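Shown next, in C-alpha coordinates, is the structure this report addresses.
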Amino acid sequence: MSSDVDISAMSPGAQRNDAIAELASDYVAGLAATGKRFEIIFVIDGDKPKLFDTPNEMASADERIIVSVT
(Lines give C-alpha, C1' and ligand atoms only; values in the text may rest on other atoms or scores of the structure.)
Protein backbone atom coordinates (compact mmCIF):
# COMPACT_ATOMS: atom_id res chain seq x y z
CA MET A 1 0.00 0.00 0.00
CA SER A 2 1.30 3.45 -0.88
CA SER A 3 1.86 5.78 2.05
CA ASP A 4 -0.42 8.45 0.55
CA VAL A 5 -3.54 6.27 0.38
CA ASP A 6 -5.93 5.00 3.01
CA ILE A 7 -7.30 2.02 1.06
CA SER A 8 -5.61 -0.33 -1.41
CA ALA A 9 -7.93 -2.60 -3.35
CA MET A 10 -6.41 -5.45 -5.32
CA SER A 11 -8.10 -7.45 -8.05
CA PRO A 12 -6.93 -10.17 -10.40
CA GLY A 13 -7.44 -9.31 -14.06
CA ALA A 14 -10.62 -10.62 -15.63
CA GLN A 15 -10.85 -12.65 -18.82
CA ARG A 16 -12.19 -9.74 -20.89
CA ASN A 17 -11.24 -6.07 -21.14
CA ASP A 18 -14.87 -4.95 -20.83
CA ALA A 19 -15.15 -6.83 -17.54
CA ILE A 20 -12.05 -5.04 -16.23
CA ALA A 21 -13.43 -1.63 -17.25
CA GLU A 22 -16.75 -2.33 -15.54
CA LEU A 23 -15.02 -3.65 -12.44
CA ALA A 24 -12.76 -0.59 -12.25
CA SER A 25 -15.74 1.71 -12.60
CA ASP A 26 -17.52 -0.09 -9.75
CA TYR A 27 -14.40 0.05 -7.55
CA VAL A 28 -13.85 3.77 -8.23
CA ALA A 29 -17.47 4.62 -7.44
CA GLY A 30 -17.53 2.59 -4.25
CA LEU A 31 -14.17 3.73 -2.95
CA ALA A 32 -14.76 7.38 -3.86
CA ALA A 33 -17.95 7.27 -1.80
CA THR A 34 -15.87 6.54 1.30
CA GLY A 35 -14.14 9.92 1.06
CA LYS A 36 -10.80 8.22 1.66
CA ARG A 37 -7.72 8.24 -0.55
CA PHE A 38 -7.46 4.98 -2.47
CA GLU A 39 -5.68 3.00 -5.12
CA ILE A 40 -6.86 0.05 -7.18
CA ILE A 41 -4.28 -2.51 -8.23
CA PHE A 42 -5.13 -4.85 -11.09
CA VAL A 43 -2.87 -7.90 -11.28
CA ILE A 44 -2.72 -9.14 -14.88
CA ASP A 45 -1.35 -12.55 -15.86
CA GLY A 46 1.60 -12.00 -18.23
CA ASP A 47 0.29 -14.85 -20.40
CA LYS A 48 -2.73 -12.75 -21.40
CA PRO A 49 -1.27 -9.73 -23.25
CA LYS A 50 -4.64 -8.76 -24.76
CA LEU A 51 -5.81 -7.86 -21.27
CA PHE A 52 -3.16 -5.12 -20.90
CA ASP A 53 -4.76 -2.48 -23.14
CA THR A 54 -7.81 -1.48 -21.12
CA PRO A 55 -6.13 -1.46 -17.68
CA ASN A 56 -3.18 0.51 -19.04
CA GLU A 57 -5.54 3.06 -20.60
CA MET A 58 -7.42 3.35 -17.30
CA ALA A 59 -4.16 3.78 -15.38
CA SER A 60 -3.09 6.53 -17.79
CA ALA A 61 -6.35 8.36 -17.17
CA ASP A 62 -6.52 7.85 -13.38
CA GLU A 63 -3.42 7.77 -11.20
CA ARG A 64 -5.35 5.80 -8.56
CA ILE A 65 -5.36 2.76 -10.87
CA ILE A 66 -2.21 0.66 -10.97
CA VAL A 67 -1.48 -2.29 -13.25
CA SER A 68 0.85 -5.05 -12.12
CA VAL A 69 1.89 -7.77 -14.56
CA THR A 70 2.90 -11.16 -13.20
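Here are the numbers for the structure shown:
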| quantity | calculated |
| --- | --- |
| Hits in the stretch 46-64 - residues which are touching a strand residue (DSSP E or B) at 6+ places or on another chain (Cβ under 8 Å) and at pLDDT below 90 | GLY46, LEU51, PHE52, PRO55, ASN56, MET58, ALA59 |
| Answer residue from the stretch 1-19, given it is assigned to a strand (DSSP E or B) and open to solvent by 70 Å² or more (accessible area, probe 1.4 Å) and is modelled with the lowest pLDDT among those | PRO12 |
| Residue, farthest from GLU63 (Cα to Cα), within the stretch 20-40, restricted to residues that are open to solvent by less than 30 Å² (accessible area, probe 1.4 Å) and modelled with pLDDT under 90 | ILE20 |
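The values are calculated or read from the model by the stated rules, or taken from the named source; none is laboratory data. All values derive from a computational prediction rather than experimental measurement. Using ideal geometry, Cβ is built from the backbone for each residue, glycine included, and neighbour counts are taken over all protein chains shown. Heavy atoms of the whole protein, side chains included, go into the accessibility calculation; ligands, DNA and RNA do not. Shrake-Rupley method; radii C 1.70, N 1.55, O 1.52, S 1.80 Å.
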